[in-house]
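The values are calculated or read from the model by the stated rules, or taken from the named source; none is laboratory data. All of these numbers come straight from a predicted model, not from anything done at the bench. Neighbour counts run over all protein chains shown; Cβ positions are idealised from the backbone, glycine included. To get the accessible areas, we keep the full protein, side chains included, count just its heavy atoms, and leave off ligands, DNA and RNA. Shrake-Rupley method; radii C 1.70, N 1.55, O 1.52, S 1.80 Å.
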Amino acid sequence: MSDDPTFGFDTLQIHAGARPDPATGARQTPIYQSTAYVFRDADHAAALFNLQEVGYIYSRLTNPTVAVLQERIATLEGGVGAVCCSSGHAAQIMALFPLMGPGKNVVASTRLYGGTVTQFSQTIKRFGWSATFVDFDDLEAVKAAINDDTRAVFCESIANPGGYITDLDAISAISDAAGIPLIVDNTSATPYLCRPFDHGATLVVHSTTKYLTGNGTVTGGCVVDSGKFDWTASGKFPSMSEPEPAYHGLKFHETFGPLAFTFHSIAIGLRDLGMTMNPQGAHYTLMGIETLSLRMQRHVENAIKVASWLENDPRVDYVTYAGLPSSPYYDRVASICPKGAGGLFTFALKGGYDSCVKFVDAVELFSHVANLGDTRSLIIHSASTTHRQLTPEQQAAAGAAPNVVRVSIGIEDADDLIADLDQALAKATS
Ligand SMILES: *Cc1c(COP(=O)(O)O)cnc(C)c1O
């Protein structure tokens, strides 16, 4: 009942995946703070370990509280299954892990969360993987970057830090033609504003740390599978299509069909990489998701007000919010994220780097933190923090030039936010 796909988003964000606890009737999803689960008998244990029966063994793999969150997010995204992880960055590794191998590459957008640029340009090299970064507004460049060793295409729906909107339909047409899965980081949009599977994405990844939890309490991540990709067709994804020695030669795609990726992520990914979400963390995120649509509406409403005010202020050079008619991405809002362009954007100060540094020190209501998607309004100077490890060229390509600050607009009163920015601008430019 709770998963009735005809229910609207507001109903599903509260009910999907959850039922009253069968043992106690508890209405709120209990925090199953248990590491292990008692087997009915030896045959039951053997069946679970052979993946012949679905059930709980050990909480590195599955946990009933985390399972509710997985089903909740999968339902809201319109996917067939989801796997929660310890952080958004863990989710990215978990998404790539079954697809990649030594010598293989991912074609990624230049406009990504700063930590993702670092993870992709540096750390994944240790696995023998590589990333090719291109401007995803240049479709010919995306096409040209895909080669025989490409195993994934990766972008954000509403992209960091500028709130740029990716033309997911055009990108998925390219990845489809190449027979390569498209992974979309939907953190900044959330499934309320954007549903990447409706635009051809194969997998969606989330940092649940951000809007899904919504109030800056826990880190977490999630990989959602559309269930639509044919993992066998090209022979390029042996983890899915070829016999798995650790499970007596079981072939994931043949055995689990559309759930192949989800089962692989639990049975191999979580089992061996261990990037597991804990049940307490899942509880906080479940609490947050119940009010997702209400918060996102207010984030968008406030972002429009604040961005419009900034755009008309003479101390501000430009504002990148895609929800402003002046944005080159404005036309994409209606097709990609029809309920709004989110709460994240950047603006440039005419005073440059020095003004930006003074500005983040002068705000009082905004919090100067490395985070986004909180109920509170947040601000950061990307070039001196999150994008500090990047070269000046990478910073500029990412939209994190030295004269730019990024804001994540919260759900406070917009007038109070504007007043705070006004007084901070006065101090930063005096
Ligand atoms: C925060 C963030 C991440 C990384 O998530 P963590 O939970 O911090 O590991 C990835 N992508 C985007 C868009 C993010 O905002």
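Brief remarks follow.
- If you sort 353, 32 by accessible surface, 1.4 Å probe, largest first, the order is 353, 32.
- The largest-to-smallest principal axis extents of the Cα set in segment 135-189 are 31, 18, 17 Å.
- Calculated over the chain: convex hull of Cα atoms, volume per residue (Å³): 134 Å³
- The apolar share of the surface of segment 270-428, taken as the fraction of accessible area on carbon and sulfur atoms (1.4 Å probe, ligands and nucleic acids excluded), comes to 52 percent.
- Under 26 Å from the Cα of residue 305 - lysines, other chains or at least 8 residues apart: 210, 339, 350, 358, 427
- Accessible surface, 1.4 Å probe, highest first, among residues 379, 31: 31, 379
- All-pairs Cα distance distribution in segment 282-377, expressed in whole percent, bin size 10 Å: 14, 40, 33, 12, 1
- Straight-line cross-link partners of residue 251 among the lysines, defined as a Cα under 30 Å from its Cα and at least 8 positions apart when in the same chain: 104, 125, 228, 236.
- Calculated Rg and Dmax of segment 71-201 using C-alpha coordinates, Å: 13.7, 37
- Among the protein heavy atoms of segment 7-151, carbon and sulfur supply 55% of the accessible surface, probe 1.4 Å, non-protein parts ignored.
- Counting only DSSP beta bridges whose two residues both lie in the chain, roughly 60 percent are antiparallel.
- Pairwise Cα inverse-distance average, inverted: Kirkwood Rh of segment 218-355 (Å): 19.3 Å
- All aspartates and glutamates inside 15 Å of residue 143 as judged from Cα atoms, apart from same-chain residues fewer than 8 positions distant: 135, 167, 169, 176
- In Å², nearest 10: area of residue 71 left accessible to a 1.4 Å probe: 60 Å²
- Descending principal axes extents, segment 328-420, alpha-carbon based, whole Å: 35, 31, 23
- Fully extended contour minus Cα-Cα distance, from residue 254 to residue 294, at 0.36 nm per residue: 10.3 nm
- Placing +1 on each Lys and Arg Cβ and -1 on each Asp and Glu Cβ, with no other charges, gives segment 205-321 a dipole about its Cα centre of roughly 200 debye.
- Surface/4 estimate of mean projected area, convex hull on alpha-carbon atoms of segment 155-216, nm²: 4.0 nm²
- Measuring spread by the Cα atoms of segment 9-65 yields a radius of gyration and Dmax of 14.0, 43 Å.
- In the context of the full set of protein chains, residues of segment 110-180 present 37 Å² of accessible surface per residue (probe radius 1.4 Å, heavy atoms only).
- Shape call, segment 129-282: gyration tensor on alpha carbons, a/c limit 1.5: oblate
- Our summary of shape: the Cα atoms of segment 41-105 have principal axis extents of 44, 32, 20 Å, ordered from largest down, in whole angstrom.
- Accessible-area ranking of 166, 429, largest first, probe 1.4 Å: 429, 166
- Counting only the Cα atoms, segment 1-116 fills a convex hull of 176 Å³ per residue.
- Computed over the Cα atoms of segment 295-348, the ratio of the radius of gyration to the Kirkwood radius (Rg/Rh) comes to 0.96.
- Point-charge dipole on Cβ atoms (K/R +1, D/E -1) for segment 305-430, about Cα centre, debye to 20: 340 debye
- Each of 33, 98, 352 was scored by the projection of its Cα onto the charge dipole of the chain, and the greatest displacement toward the positive side belongs to 33; charges sit on the C-beta of Lys, Arg, Asp and Glu.
- Basic side chains Lys and Arg get +1 at the Cβ, acidic Asp and Glu get -1 at the Cβ, and with that the dipole of the chain about its Cα centre reaches some 720 debye.
- Farthest toward positive dipole pole in segment 246-366 [+1 Lys/Arg, -1 Asp/Glu at C-beta], among 306, 277, 362: 277
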